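The values are calculated or read from the model by the stated rules, or taken from the named source; none is laboratory data. Because the structure is predicted, anything quoted here is derived from the model rather than measured. So basically every Cβ, Gly included, is an ideal-geometry build from the backbone, and we count neighbours across all protein chains shown. To get the accessible areas, we keep the full protein, side chains included, count just its heavy atoms, and leave off ligands, DNA and RNA. Shrake-Rupley method; radii C 1.70, N 1.55, O 1.52, S 1.80 Å.
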Amino acid sequence: MATVLIPRPRPVSYPFINITSIVIDHNFGYPPLAYCIVNNELVMCDVTHNSNSQLTVTFALAITGVIFLR
């Protein structure tokens, strides 16, 4: 039987301070959409989905902001 995954209605936030890389254990059961906001602006980052329940976000420089997952 197929499983239907419905995306979360609201993003889950993961704030961070002065880092170049963060590993997030989200336990969603699927690889979510990830995006990063710094000073109210969308910024570029590298996202690696390690599994259906974990991802790594990497930045070129140490920054402070919030990662949102859907």
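Taking CYS45, CYS36 and ordering them by how much accessible surface each has at a 1.4 Å probe, largest first, produces CYS45, CYS36. Cβ-Cβ distance of THR64 and VAL12, R₀ of 25 Å, FRET efficiency by 1/(1 + (r/R0)^6): the value works out to about 0.85. Computed with a 1.4 Å probe over protein heavy atoms only, the accessible surface of the chain comes to 70 Å² per residue.
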